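Have a look at the structure below, then the notes.
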Amino acid sequence: MKAAMAAFFELPLMEKKKFAMGANDLEGYGQAYVVSEEQKLDWCDLVALKTLPLEQRNLNFWPLNLPGFKEAVEEYSIEVQKVAEEINANLSILMGMERDGLKRYQGELKQLMRMNYYPPCSSPDLVVGVSPHSDGGSLTVLLQDDDIIGLQIKHKGEWIPVKPIPNALVVNIGDAIEIMSNGVYKSIEHRAITNEKKARISAAAFAYVDDELEIGPLDSMVDDPHRPPMYKKIKYIYYIRQVLARKMDGKAHTDLVKIQT
Ligand code: OGA
Ligand code: NI
C-alpha cells in the first residue's frame, strides 16, 4: 500500500491531473478542505477514492495503468475495513450493546480512502500539512509513515504529536460515533504538520454510514434525566454537508448538532 501510494504521487503532474477532483467532489486528486477561493491551501496533495462497497468504486478516478495500484488499494481497503469492524464490535460492547449493536444500527459501513502526500517544506512553520479538523465519519484508520512525525492531536489546548509506532495503525473516533455515544467517545481535533526534509505519505480509511441514515445518541447511551441526549438526530448527509462546507476554526463540528443546555 505504501509503495502504491508513493508510485502514484511520483507520477508527473499531468498524469495525476487526469484524476482531478471536481468542485464539490469527494473523489479524485486534489486538495483537502477547500471551502473558499481566498483561503490558503494546505501543504498537501491527496487522492481520495471510494473504496467500499466494491460496487461503488468509480474507476475513472483510479490510475489503472499504474502497475499494482488497484490490487494494493483493494486488498488494503478490505483488510483495514475488518479492523474498523472489529473495533466497532468492541465499541458496541463498551456502549452496553451486543457485539453487533453498532452494525445493526449503522448498517454495512462504507469506506473512503484518502491518500495524503505532504511534500517537504523549507519553512514548515509557515504552512500546515492538513488544517485542524475532526473526521466526520464513524472511525478512521490511519496508516502513517513509521519514522516521520506529522500528525498532532489537540489536547487541553495544546498540539500533541502522535508518535508513529512501527507497523501500527492510528484509530480516530469520528463525529458520528461521538454523536451515537452521546459524547462519551470524542472525535478528536487533529492536524498534520510538514517536515523540512522528507516527504510524508499517509492513508486515512474513513468508515462511514449511508447518507440516508439518521444518526443520534444510541438508546444504550441515554438515560434521562441522568444522561439526557446531548445531540440532535440528523440525517448523515445533512451533517456531513455542513461539516464539509466550513473550516473547524476552534469550534467542534459536532457543536452543529449539540443540544444547548
Ligand atoms: C486525514 C488526516 C492525518 C495524517 O486525512 O483526515 O487527518 O497524518 N490525516 O495524514
Ligand atoms: Ni483527519
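Does any residue of segment 100-122 turn out to be at pLDDT below 95, assigned to a loop (DSSP other than H, G, I, E, B) and within 16 Å of ligand 2 (Cβ to nearest atom)?
Looking for residues that are at pLDDT below 95, assigned to a loop (DSSP other than H, G, I, E, B) and within 16 Å of ligand 2 (Cβ to nearest atom), one finds none in segment 100-122, hence no.
What pairs come out if I take residues in segment 89-118 that are on the phi > 0 side of the Ramachandran plot and pair them with residues that are modelled with pLDDT of 95 or more whose C-beta lies under 6 Å away, six or more apart or interchain?
GLY96/SER220; GLY107/ASP210
Would you call PRO229 more than 20 Å from the chain's Cα centre (by Cα), surrounded by 14 or more Cβ atoms within 10 Å (Cβ to Cβ), over 30 Å from SER77 (Cα atoms) and at pLDDT 95 or above?
Working: more than 20 Å from the chain's Cα centre (by Cα): yes; surrounded by 14 or more Cβ atoms within 10 Å (Cβ to Cβ): yes; over 30 Å from SER77 (Cα atoms): yes; at pLDDT 95 or above: yes.
Yes; evaluated as a whole, the condition is true for this residue.
Report yes if some residue within segment 54-63 is surrounded by 12 or more Cβ atoms within 10 Å (Cβ to Cβ) and at positive phi; otherwise report no.
no
I'd like the full set of residues that are in contact with a strand residue (DSSP E or B) (Cβ under 9 Å, 6 or more places away or on another chain), away from ligand 1 (no atom under 16 Å from the Cβ) and among the hydrophobic types (A, V, I, L, M, F, W, C), limited to segment 82-134.
VAL83, ILE87, LEU91, LEU109 - these are the residues of segment 82-134 that are in contact with a strand residue (DSSP E or B) (Cβ under 9 Å, 6 or more places away or on another chain), away from ligand 1 (no atom under 16 Å from the Cβ) and among the hydrophobic types (A, V, I, L, M, F, W, C).
Give segment 64-83 a look and list any residue that's among the hydroxyl-bearing types (Ser, Thr, Tyr) and surrounded by fewer than 21 Cβ atoms within 10 Å (Cβ to Cβ), or say none. Lay out the reasoning, then the answer.
Applying the first criterion (among the hydroxyl-bearing types (Ser, Thr, Tyr)) to segment 64-83 yields 76-77.
If the condition is that a residue be among the hydroxyl-bearing types (Ser, Thr, Tyr) and surrounded by fewer than 21 Cβ atoms within 10 Å (Cβ to Cβ), then TYR76 is the only one that fits.
Kindly indicate which of ALA23, ALA84 is more than 25 Å from ASN195 (Cβ to Cβ) and assigned to a loop (DSSP other than H, G, I, E, B).
On the way: ALA84 fails: assigned to a loop (DSSP other than H, G, I, E, B).
Checking each option against the conditions leaves just ALA23.
Filter segment 151-186 down to the residues that are at pLDDT 95 or above and among the small types (Gly, Ala, Ser), then identify the one that is nearest to ligand 1 (Cβ to nearest atom).
Checked segment 151-186; the qualifying residue nearest to ligand 1 (Cβ to nearest atom) is GLY174.
What's the number of the only condition in (1) in contact with a strand residue (DSSP E or B) (Cβ under 8 Å, 6 or more places away or on another chain); (2) farther than 20 Å from ALA205 by Cβ; (3) away from ligand 2 (no atom under 15 Å from the Cβ) that ILE193 fails to meet?
ILE193 satisfies all of (1) in contact with a strand residue (DSSP E or B) (Cβ under 8 Å, 6 or more places away or on another chain); (2) farther than 20 Å from ALA205 by Cβ; (3) away from ligand 2 (no atom under 15 Å from the Cβ) except (3).
Can you name the residue in segment 140-158 that is under 15 Å from the mean Cα position of the chain (by Cα) and assigned to a strand (DSSP E or B) and is also surrounded by the fewest Cβ atoms within 10 Å (Cβ to Cβ) among such residues?
Initially, segment 140-158 is screened for residues under 15 Å from the mean Cα position of the chain (by Cα), giving 140-144, 151-153.
Filter again for assigned to a strand (DSSP E or B), leaving 140-143, 151-153.
Details: THR140: 25, VAL141: 21, LEU142: 23, LEU143: 22, LEU151: 24, GLN152: 19, ILE153: 16.
If we take residues in segment 140-158 being under 15 Å from the mean Cα position of the chain (by Cα) and assigned to a strand (DSSP E or B), then ILE153 is surrounded by the fewest Cβ atoms within 10 Å (Cβ to Cβ).
Any residue in segment 19-33 that is over 13 Å from ASP45 (Cβ atoms) sitting within a Cβ distance under 7 Å of a residue that is modelled with pLDDT of 85 or more and assigned to a helix (DSSP H, G or I)? List the pairs, counting only those 6 or more apart or interchain.
GLU27/PHE61
The values are calculated or read from the model by the stated rules, or taken from the named source; none is laboratory data. Please read all numbers here as calculations on a predicted model, not as lab measurements. We place every Cβ from the backbone using ideal geometry, glycine too, and count neighbours over all the protein chains shown.
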